[in-house]
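Chemist: Provided herewith is a single structure, encoded as structure tokens, for subsequent inquiry.
The values are calculated or read from the model by the stated rules, or taken from the named source; none is laboratory data. Only a predicted model underlies this, so the values are computations on that prediction, with no experimental measurement involved. No Cβ is skipped: glycine too gets one built from the backbone with ideal geometry, and neighbour counts run over all protein chains shown. Accessible surface is based on the protein model in full, side chains and every heavy atom, while ligands, DNA and RNA are left aside. Shrake-Rupley method; radii C 1.70, N 1.55, O 1.52, S 1.80 Å.
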Amino acid sequence: MKKILFYLLFFFTGIATYAQNTPVFNGKQLINVTTVSAWDVAQRPPGWYRIATLAGASSRANATFELRDNSQHSTLRFEAGISFNQAIGSSLTVTSHSYYNVPAFLKVRFVTSTVYSDSYLEVYVKPLNNNNNPFYAYVINPLSYSDWQLVNWTPGEIPSGYTAVEFDVDKLFSVGNMPNNNILAVNRNGYVGIGTDTPKEKLSVNGKIRAQELKIETANWPDYVFEKDYELPTLEETETQIKLNGHLPGIPSAAEVKAEGIEVGGMNAKLLKKIEELTLYLIELKKENSQLSKRVTQIEQKK
């Protein structure tokens, strides 16, 4: 019984000692910290810097990182997880990125080789006005048994036989994996990209979309074609436009669609306009056919 009590006391004393020696930031205990007390731009110009390594024998790690600089008040927090296969099972998630004026941290990359080779985590740093100001890297929450080990901002490199997968981290939020880089990104203008980290609209998708229903709001629905004062182009005028331009009037060309795509709501309105114009042409043709049929009937009756 005394031995058990002794071992328990030794165990909890060790935990307490570890907790006391663990660095603390704003009251939060951190697992590890590396610091550049005064960043010298002449010695550390803009470029890639290694902040963590993973021993090849482990080949798996997952942790939350936080990087800070003291001049632009950049704070980048992300989760970096690398798996045994180093491919589809690896991921990088940006959960928070703030700065005063311009970001100091622009990209993060995994540098990997074979399953049993060491892996490296590197960040692209653009010091700007940070000369002689401190930089910090924290590991806040290691989530796996074997984990990243911080190194003190050594120059990054891609050794022979290694490949690098880069992630753009100047985002409000981003999720990526090893083969596909950023696969979901929310940019600072609020634009969301799926399969692309450079969305050009509120939502940009690089790939197919499947849904049960899609509702699009649009204005200027072309019922005006049926109004009395609408000037319906003649078929001769339409034929001339087709011969000159190779496409229907008011409809984008194949080259324009290839370059710019189409707006679904606007395109549906344009197609409906053509359908309504075709309907008017058919009505006119029906009237002309009826008149011709009457005349033919009258001629035959006179014989």
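Chemist: Can you list the residues, at least 5 places off or on another chain, whose amide H is less than 5 Å from the amide H of Lys171, using H built in the peptide plane?
Modeler: none
Chemist: Over the alpha-carbon set of the stretch 176-252, work out the extent along each principal axis and list the three values in angstrom, largest first.
Modeler: 58, 28, 27
Chemist: Along the Cα→Cβ direction, 7 angstrom out, place labels at Asn206 and Ala164. What is the inter-label distance in nm?
Modeler: 1.9
Chemist: For a quick check: with amide H placed at 1.01 Å from N, whose amide H comes under 5 Å from Ser204's, ignoring anything fewer than 5 positions away on the same chain?
Modeler: Val192, Gly193, Ile194
Chemist: Here's a follow-up. Considering only protein heavy atoms and a 1.4 Å probe, what is the carbon-and-sulfur percentage of the accessible area of the stretch 189-303? Kindly include the intermediate steps, with their values, before the conclusion.
Modeler: On the way: 5350 of 9970 Å².
So the carbon and sulfur contribution to the accessible surface is 54 percent.
Chemist: Let me ask another. Just to check I understand the Karplus step: with θ = phi - 60° and J = 6.51 cos²θ - 1.76 cosθ + 1.60, what whole-Hz values come out for the stretch 117-125, glycine and proline as x?
Modeler: With coefficients 6.51, -1.76 and 1.60, one gets 8, 4, 10, 10, 10, 10, 10, 8, 10 Hz.
Chemist: Here is a further query. Can you give me the long-range amide H partners of Met178? Hydrogens built in the peptide plane at 1.01 Å from N, cutoff under 5 Å, separation of 5 or more residues or another chain.
Modeler: Ser90
Chemist: Write down the accessible area per residue of the stretch 209-303 in Å², having rolled a 1.4 Å probe over the full set of protein chains. Each step should come with its number before you reach the end.
Modeler: On the way: 8500 Å² over 95 residues.
Ligands and nucleic acids excluded, the figure is 90 Å² per residue.
Chemist: On to the next question. In whole Hz, with x marking every Gly and Pro, tabulate ³J(HN,Hα) for the stretch 46-54 from phi via Karplus 6.51 cos²θ - 1.76 cosθ + 1.60, θ = phi - 60°.
Modeler: My calculation for the stretch 46-54 gives x, x, 7, 9, 7, 10, 7, 10, 9 Hz in order.
Chemist: Moving on. What do you reckon, how do Arg60, Arg50 stack up by accessible area (1.4 Å probe), largest on top?
Modeler: On the way: Arg60 115, Arg50 25 Å².
The most accessible residue leads, giving Arg60, Arg50.
Chemist: Continuing with this model, one more query. In whole Hz and in residue order, list the ³J(HN,Hα) couplings for the stretch 289-295 that follow from phi through the Karplus curve 6.51 cos²θ - 1.76 cosθ + 1.60, θ = phi - 60°; x for Gly and Pro.
Modeler: Working through the residues one at a time gives 5, 5, 5, 5, 5, 5, 5 Hz.
Chemist: Here is a further query. Highest mean first, what order results for 261-271, 176-186, 213-223 on Cβ atoms within 10 Å? Walk me through the numbers on the way to the answer.
Modeler: On the way: 261-271: 14.0, 176-186: 18.8, 213-223: 9.1.
Per-residue mean Cβ counts within 10 Å order the peptides as 176-186, 261-271, 213-223.
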